[in-house]
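Peer 1: The structure follows.
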Amino acid sequence: MLSYTIVFLLIYFLLLGVGIFIGFFLQQKKEEGFRKCEHRVKLSELVVLVPFRNEEHRIHTILNSISKLKTFPKEFVFINDHSEDDSRQVIEGANLNCNWQVLDLPMGASGKKMALRYAMSQTTSEYILQLDADVSFHEEYFDELAKLGSADMYLMPAIMKAENFLEHLFEIDLNVANAANTGASGLSRPIMASGANMLFKRASFDEVDNFESHKHAASGDDMYLLRDFRENDKQVRLISSLNNAVFTETPKSLKEFIDQRLRWLGKTGDLKDHLSTSIAMLQFILTLIFLGVTVCAIILAHWEVLILVFVVKSILDMILFLPYFIRINRLVTWGFIPFYEFLFPFYSIILVLLMYMYKPKWKGRDVYSKS
């Protein structure tokens, strides 16, 4: 059994070493060129869209960030998706020294996707920046944005900040996925997008938007839009630098975390992205093998094998993921990787089972329409 375990660890090291470690450094080389273009993003031609629904207790974070800015885009547009709390009043009471407005989504239209498209119909600009209503960013965020060369789409970091042990485990799960996305981008192309921090050209959006193909799904505006840009050979660039990052809270409960991950998993098959699906399947196979080795070691009382596989795999992960965690300045969370290693196989299997047994809600609504 020891020989099989060593073979598994070698294969795991080679796959992760290429996909995460080498891909990360190739991506950094790509990003160096994104700021050397002659044509750059113009802030005077940039409208920021912030959809919100019942964010009364969280929207103050983005409002505080806006109030500290010294450089501004053309306009901030907040789109009210039929909120049932005082979110609108909180925005209107904020001290924002810039151009801004609040739009109310018309009756008969609902959801983040409709909110974004309605706001685009009410504004004009060359670029659209999509932000979530609960993010924060540093004072130089838009100065750094203006250094980027012109492209059809930029996928930029949305970094969670944990506050306790459980939240660190939630954060690691996203960071590991983002590290894989960064590696995939370095080797080939991005496979994930976050609508919490996404920049794109309006003209390119108008050309490729295929809303009819995914209007049945309430969430996923980011991933479906990435698919539309990719399938139409648009220039999509990923940025991993903290200079272009926004920050957000982790889920505050296990249920909120599970609901979020199930929404993300539900989109994978629907997107029909063969690269993303292949990576997910490879990860699941490696997880099953890891779990199988662990169970066999326990049943056969091969404790030296059990210790070897956990210790070596944890060390490999900590080494290979270290450059990415340094890049996003989350070394505190990086230290929780061994705990995450222990829980991940069980968590993965539970998620797969729940995909067929449980349907999460999003903003109080069904994720997928019944029609």
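Peer 1: Which of (1) modelled with pLDDT of 90 or more; (2) part of a loop (DSSP other than H, G, I, E, B) does residue 28 not meet, given it meets every other one?
Peer 2: It fails just one condition, (2).
Peer 1: I'd like to verify a number: residues in segment 32-51 that are at pLDDT 95 or above and buried (at least 16 other Cβ atoms within 10 Å of the Cβ), how many?
Peer 2: So the count comes out to 7.
Peer 1: Now a separate question. How many residues are of a type outside the set (A, V, I, L, M, F, W, C), part of a helix (DSSP H, G or I) and either in contact with a Phe, Trp or Tyr (Cβ under 8 Å, 6 or more places away or on another chain) or buried (at least 22 other Cβ atoms within 10 Å of the Cβ) (or both) when one looks only at segment 225-242?
Peer 2: 1
Peer 1: For residues that are surrounded by 20 or more Cβ atoms within 10 Å (Cβ to Cβ) and among the basic types (Lys, Arg), tally how many sit in segment 175-224.
Peer 2: 1
Peer 1: Mind listing whichever residues of segment 65-79 are more than 18 Å from residue 200 (Cα to Cα), surrounded by fewer than 20 Cβ atoms within 10 Å (Cβ to Cβ) and not small (Gly, Ala, Ser)?
Peer 2: Those that are more than 18 Å from residue 200 (Cα to Cα), surrounded by fewer than 20 Cβ atoms within 10 Å (Cβ to Cβ) and not small (Gly, Ala, Ser): 68, 69, 70, 71.
Peer 1: Pairs only if they're at least six apart or on different chains, beta carbon under 7 angstrom, first in segment 297-320 and in contact (Cβ under 8 Å) with a residue 60 or more places away in the chain, second loosely packed, with under 13 Cβ neighbours inside 10 Å and assigned to a helix (DSSP H, G or I); list them, first residue then second.
Peer 2: From segment 297-320, the pairs are 305/2.
Peer 1: Which residue, of 140, 144, is more than 19 Å from the chain's Cα centre (by Cα), closer than 22 Å to residue 323 by Cβ and in contact (Cβ under 8 Å) with a residue 40 or more places away in the chain?
Peer 2: 144
Peer 1: When you scan segment 179-196, do you find a residue that is more than 22 Å from residue 49 (Cβ to Cβ), touching an Asp or Glu at 6+ places or on another chain (Cβ under 7 Å) and not in a helix (DSSP H, G or I), even just one?
Peer 2: Yes, there is a match, as at least one residue in segment 179-196 is more than 22 Å from residue 49 (Cβ to Cβ), touching an Asp or Glu at 6+ places or on another chain (Cβ under 7 Å) and not in a helix (DSSP H, G or I).
Peer 1: Same structure, new question: Would you check which residues across segment 174-202 are among the β-branched types (Val, Ile, Thr) and farther than 17 Å from residue 248 by Cα and list them?
Peer 2: Across segment 174-202, the qualifying residues are 182, 191.
Here's the yes/no breakdown for (1) free of Cβ contacts under 8 Å to residues at least 12 places away in the same chain; (2) in contact with a Leu (Cβ under 9 Å, 6 or more places away or on another chain):
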site: 3; (1), (2): yes, no
site: 12; (1), (2): no, yes
site: 32; (1), (2): yes, no
site: 42; (1), (2): no, no
site: 66; (1), (2): no, yes
site: 72; (1), (2): no, yes
site: 75; (1), (2): no, yes
site: 80; (1), (2): no, yes
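Peer 1: Can you tell me which residues in segment 88-122 are in contact (Cβ under 8 Å) with a residue 40 or more places away in the chain and crowded, with 16+ Cβ neighbours inside 10 Å?
Peer 2: Correct list: 110, 111, 112, 113, 115, 116, 117, 119, 120.
Peer 1: So which residues in segment 39-71 are farther than 14 Å from residue 131 by Cβ and of a type in the set (A, V, I, L, M), if there are any at all?
Peer 2: Of everything in segment 39-71, those that are farther than 14 Å from residue 131 by Cβ and of a type in the set (A, V, I, L, M) turn out to be 41, 43.
Peer 1: So, one more: Tell me which residues, restricted to segment 189-213, are at pLDDT 95 or above and either polar (S, T, N, Q) or over 27 Å from residue 32 (Cα atoms) (or both).
Peer 2: Across segment 189-213, the qualifying residues are 197, 204, 206, 207, 208.
The values are calculated or read from the model by the stated rules, or taken from the named source; none is laboratory data. Everything numeric here is computed off the predicted structure, so don't read it as measured data. When we count neighbours, we look across all protein chains shown, and the Cβ atoms used for this are built from the backbone with ideal geometry, even at glycine.
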